[in-house]
Amino acid sequence: MTTSSDDAPPAAGPYLQTVSGRWVNPFDPDPAQLDAGDIARALANQCRFGGHSRVFYSVAQHCVLVSRVVEERGGDVEDVFAALMHDAGEAYLGDMPHPLKHRSALGAAFREAETRLEETIRARFAIKPNVPEVKRVDRALLATERRAFSAEAWHWPELEDVEPLELELTAWSPDRAADEFARRYAELEARRSRDI
């Protein structure tokens with residue numbers, strides 16, 4: 001099967017082909033190529049903790065749970081949508097374990113690329129920036145996930161004074177995680193359009 005030039009990247013380069021057939025250069029993203037369905041599937045196929053987990057536990061499930069907790073804590077629809085999409089950049093760039101990302105030269109280069117990608121995603125999906133509750137819930141859920149799926153072998157500075165959530169976690173399959181993320185996205189988009 002051949003593709004037309006409209007269906008292919010404009011030139012050779014660091015382009016990812018998404019599950020829907022779109023092409024994305026995570027270092028210079030075209031907003032028109034960013035798709036919520038691609039984000040749902042890619043995040044559902046990525047394991048938290050860089051795979052260092054007793055079971056497969058996806059980034060998509062993590063995002064859905066953060067959005068639910070932010071809503072339970074009184075967040076409005078824009079806060080909750082920001083919570084759902086807070087790791088959307090990982091769909092195109094992946095992620096780097098926290099100690100490498102924040103304590104290495106490689107991490108500094110990664111964060112620079114991640115920042116540009118996140119800015120484009122935020123503009124493309126009209127995501128509210130800097131919602132403090134998202135960061136608080138993200139950290140509390142990290143502590144909860146660590147307890148449930150990893151190990152608490154030593155102190156993590158990023159979890160200083162962070163209490164795990166009172167939440168029993170059961171890992172979803174990638175298919176369920178993609179479906180839950182897509183369903184949550186559609187629900188929040190419908191609510192956002194009613195509020196306009």
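Miscellaneous remarks
- Per DSSP, loop GluC sites (Glu not before Pro) in segment 104-196 with at most 12 further Cβ within 10 Å: 152, 160, 166, 168
- Placed amide H near residue 16: partners under 5 Å, 5+ positions off or other chain: 24, 25
- Kirkwood hydrodynamic radius (C-alpha pairs) into Stokes-Einstein, segment 51-108, 20 °C and 1.002 mPa s, D in µm²/s: 166
- The chain: radius of gyration and largest Cα-Cα distance (Dmax), Å: 17.0, 56
- Estimated dipole of segment 49-196 in Debye, rounded to 20 [Cβ of Lys and Arg +1, of Asp and Glu -1, Cα centre]: 280
- Full-stretch length increase - residue 100, residue 113 - with 0.36 nm per residue and alpha-carbon distance subtracted: 3.2 nm
- Mean Cα-pair separation over length for segment 105-196, i.e. relative contact order, pairs under 8 Å, 6 or more apart, %: 21
- When the alpha carbon coordinates of segment 1-117 are projected onto the principal axes, the ranges are 48, 35, 28 Å, largest first.
We did not get these values from a lab; they are worked out from the coordinates using the rules stated. Computed from a predicted structure; not experimentally measured. As a convention, Cβ positions derive from the backbone with ideal geometry for all residues, glycine included, and neighbour counts pool all protein chains shown.
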